[in-house]
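*Asks:* Have a look at the structure that comes next, please.
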Amino acid sequence: MSAGSSTIGPSTMPADLPASSTSLVDDLLSSPFDPILLLDEAGNLRAFNRGADELFGLAAFRGAPADSISSLEPVRAVLGQTAGGFPVWDTPSGRSFVIQPVAAPSGGRLVLLRDVTDWRQLNIKLSDLMHIVSHDLRTPLTAIKSYAELLVDSYFGEMSPEQQVALEKLTLGIYGMVSLVDNLQAADRFDPRKGLYKTEREPVDASQIAQKVLDALQLPAEIQDITLELDVDPAVPIMRADPLMLERALANLAENALKYSAEGTKIIVRITSDRDSVLFAVTDQGRGIAPEDYVRIFERGVRVDQQGQKRVRGSGLGLFVVQSVAQRHGGTVWVESALEQGSTFYLKLPIRGEATVG
């Protein structure tokens, strides 16, 4: 057997496993690539391959309780989780592993550690590239958007009806591009799993931020003959929140409502509060969302197209950003909807603890 092989010797395998289970586990533990551990039902370390030994230093701990092996702390943390999903563990040496516990055929658990270091580094490079590209696009798009608004307002003279229609379509496309660029930046910056942005809380007036968002969307709303309405409870207090993140979240909710609303309808942004939280609700009169899509629409890159609905372009980032902002503030986001009756998206942010003013 070559020195670089990860195949384990006979002494590594427990003798009391059934033959069929031994064969399967032996095949898994012979993997020359990723670290693999076998824990029995009592949580003792029964077997491991060379990759696991090199990563955790397990040679002296065969048969020991996993809880007593300090190097296995990242594995124990995953085994103790009740939620689904497989987290990525970044080692001090710079390697990254996805830890995946699965039931072993003999009882106990197999723990597979898949090396995703190259994927992780590629993902970082792609994120950096998207940030650079979106940042460089933002300035010229802002200038184009400003001139388009002047043209729509006939600042440079009157246009024919045909020219006006063409310009309005161009303007809506520019607004969509600006929103896309903003969300490309925000998706990574605000994602709580990446830690690329520090939440900067300061006293904010929720009604002022909401009004700013609606003012910025007034032109595309007028072009589509959609009414924007803001309804704020006077009792809503000043709260401590990140104004940039809150504005992006509300903008995405309002833009999402605009995308899926028919001409001649209304979008209402309501802000209310109780002792513990401020609640933002954005209601549209669109075609609604099916119940099976209520959760998945907040996942990154997910878009839901309803049958018979106008074709809407999008990146699937807007609602993901809203959810990221909610998580960064210790809040929640959800939707209530019925097909053919419209939707209401809710963003609830706490106003206790560090979110309290005074």
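*Asks:* Can you name the residue in segment 320-342 that is under 11 Å from the mean Cα position of the chain (by Cα) and among the β-branched types (Val, Ile, Thr) and is also nearest to Arg201 (Cα to Cα) among such residues?
*Replies:* It comes out as Val325.
*Asks:* With Arg328, Arg300, Arg287 as the choices, which residue is touching a helix residue (DSSP H, G or I) at 6+ places or on another chain (Cβ under 9 Å), modelled with pLDDT under 90, at negative phi and assigned by TED's automatic domain parsing to the domain that holds Ser261?
*Replies:* On inspection, the qualifying residue turns out to be Arg300.
*Asks:* Another question about this same structure. Would you be able to say whether some residue in segment 62-78 is crowded, with 16+ Cβ neighbours inside 10 Å, touching a Gly at 6+ places or on another chain (Cβ under 6 Å) and outside the structural domain of Lys194 (by TED's automatic domain parsing)?
*Replies:* yes
*Asks:* Criterion first (over 20 Å from the mean Cα position of the chain (by Cα) and modelled with pLDDT of 95 or more) does Asp231 satisfy it?
*Replies:* Numbers: over 20 Å from the mean Cα position of the chain (by Cα): yes; modelled with pLDDT of 95 or more: yes.
Here the answer is yes, as Asp231 does meet what is asked.
*Asks:* Does any residue of segment 129-145 turn out to be farther than 30 Å from Ala42 by Cα, part of a helix (DSSP H, G or I), without any contact (Cβ under 8 Å) to a residue 40 or more places away in the chain and among the hydroxyl-bearing types (Ser, Thr, Tyr)?
*Replies:* yes
*Asks:* Also, I was wondering about something else. So, in segment 57-115, how many residues would count as being small (Gly, Ala, Ser) and outside any loop (DSSP other than H, G, I, E, B)? First the steps, then the outcome.
*Replies:* Taking segment 57-115 first, the residues small (Gly, Ala, Ser) are 57, 59-60, 63-64, 66, 68, 70-71, 77, 80, 83-85, 93-94, 96, 103-104, 106-108.
With outside any loop (DSSP other than H, G, I, E, B) added as a condition, the list becomes 59-60, 66, 68, 70-71, 77, 96, 103.
Residues meeting the conditions: 9.
*Asks:* Here's something else I'd like to know. Scan segment 222-253 for residues that are surrounded by fewer than 22 Cβ atoms within 10 Å (Cβ to Cβ) and aliphatic (A, V, I, L, M) and jot them down.
*Replies:* Ile223, Ile226, Leu228, Leu230, Val232, Ala235, Val236, Ile238, Leu244
*Asks:* Could you tell me which residue of segment 113-158 is surrounded by the most Cβ atoms within 10 Å (Cβ to Cβ), considering only residues that are among the aliphatic types (A, V, I, L, M) and touching a Phe, Trp or Tyr at 6+ places or on another chain (Cβ under 9 Å)?
*Replies:* Leu113
The values are calculated or read from the model by the stated rules, or taken from the named source; none is laboratory data. A quick note: this is a predicted structure, and the numbers were derived from the prediction, not measured. When we count neighbours, we look across all protein chains shown, and the Cβ atoms used for this are built from the backbone with ideal geometry, even at glycine.
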